[in-house]
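Since the structure comes first, as structure tokens, the remarks are kept for the end.
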Amino acid sequence: MPQLQYLRSMKTTAFKPHPWHGLSLGDDVPNKVTAFIEMVPSDSVKYEIDKESGYLMIDRPQKFSNICPALYGFIPQTYCGDKIAEYCNEKTGRNTVGDGDPLDICVFTERDISHGDLLVKARIIGGMRMIDGGEADDKIIAVLDQDEIYDFNDIEDCPARLLSRLKHYFLTYKQNPDSTEKLECEITHVYGADEAKIVLQKSIEDYQNYIK
């Protein structure tokens, strides 16, 4: 079955829609988006979506004590391809490629949400430009819509310690404390809401090219 025909069939199925292809980004893009949450801070294993079936699967147990301080998932109908890579290269002077996944999103909330595999409405406040093994792997940063504590409008409103926790997680969650090997993962920039919305738009364009 051609790729586009397959994706359309996934969108129009009478059963549960595919989280990547069958869900709307929301009605207030780019300020707010629908986010599919794969992981919550209490998870001791790394969950991620199975691209073919749309089911949540265990990617691997969390090997070390790292805890993601935010809800973690992706934005439907986005893709990190050529446009994301080009923008990353423009900003960093590097030669990267897109990581071939939906655009990641981290959602801060003061509420204790016990499990993933759910949808939340998130307000975009910024992002982190991460390069992982030569691949552009941006992380959009957002807050849960209507959260009464994490009521930030831009990354400048976010406490520095909270951002440090988030950066520490992504820079160390694959790291073996007994290994002397240097991981090829770095965060080159933390950017605000305006630039995050540009990244989002480019990932939407990448997705539209991906499904052609």
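For the list (1) at pLDDT 90 or above; (2) surrounded by fewer than 19 Cβ atoms within 10 Å (Cβ to Cβ), I need the number of the one condition that Lys63 fails.
Result: Lys63 fails condition (1) only.
Within the range 1-30, restricting attention to residues that are part of a loop (DSSP other than H, G, I, E, B) and over 22 Å from the mean Cα position of the chain (by Cα), which residue is modelled with the highest pLDDT?
Per the criteria, the residue is Phe15.
Considering only the range 42-64, state which residues are more than 21 Å from Thr78 (Cβ to Cβ) and touching a strand residue (DSSP E or B) at 6+ places or on another chain (Cβ under 8 Å).
The answer is Ser44, Val45, Ile58, Arg60, Pro61, Gln62.
Criterion first (touching a residue at least 24 places away in the same chain (Cβ under 8 Å) and aliphatic (A, V, I, L, M)) does Ile113 satisfy it?
yes
If you take the residues of the range 54-94 that are within 18 Å of Ile187 (Cβ to Cβ) and assigned to a loop (DSSP other than H, G, I, E, B), which of them is farthest from the chain's Cα centre (by Cα)?
Ranking the candidates gives Gly93 first.
Within the range 152-188, which residues are charged (D, E, K, R) and either at pLDDT below 95 or assigned to a helix (DSSP H, G or I) (or both)?
Across the range 152-188, the qualifying residues are Glu156, Asp157, Arg161, Arg165, Lys167, Lys174, Asp178, Glu181, Lys182, Glu184, Glu186.
Is it fair to say Gly116 is under 23 Å from Phe152 (Cβ atoms) and small (Gly, Ala, Ser)?
yes
Does Thr34 count as surrounded by 18 or more Cβ atoms within 10 Å (Cβ to Cβ), part of a loop (DSSP other than H, G, I, E, B) and among the hydroxyl-bearing types (Ser, Thr, Tyr)?
No; evaluated as a whole, the condition is false for this residue.
The values are calculated or read from the model by the stated rules, or taken from the named source; none is laboratory data. Bear in mind the structure is a predicted one, so any value in this text is a computation, not a measurement. Note that we place each Cβ from the backbone using ideal geometry, even for glycine, and neighbour counts take in every protein chain shown.
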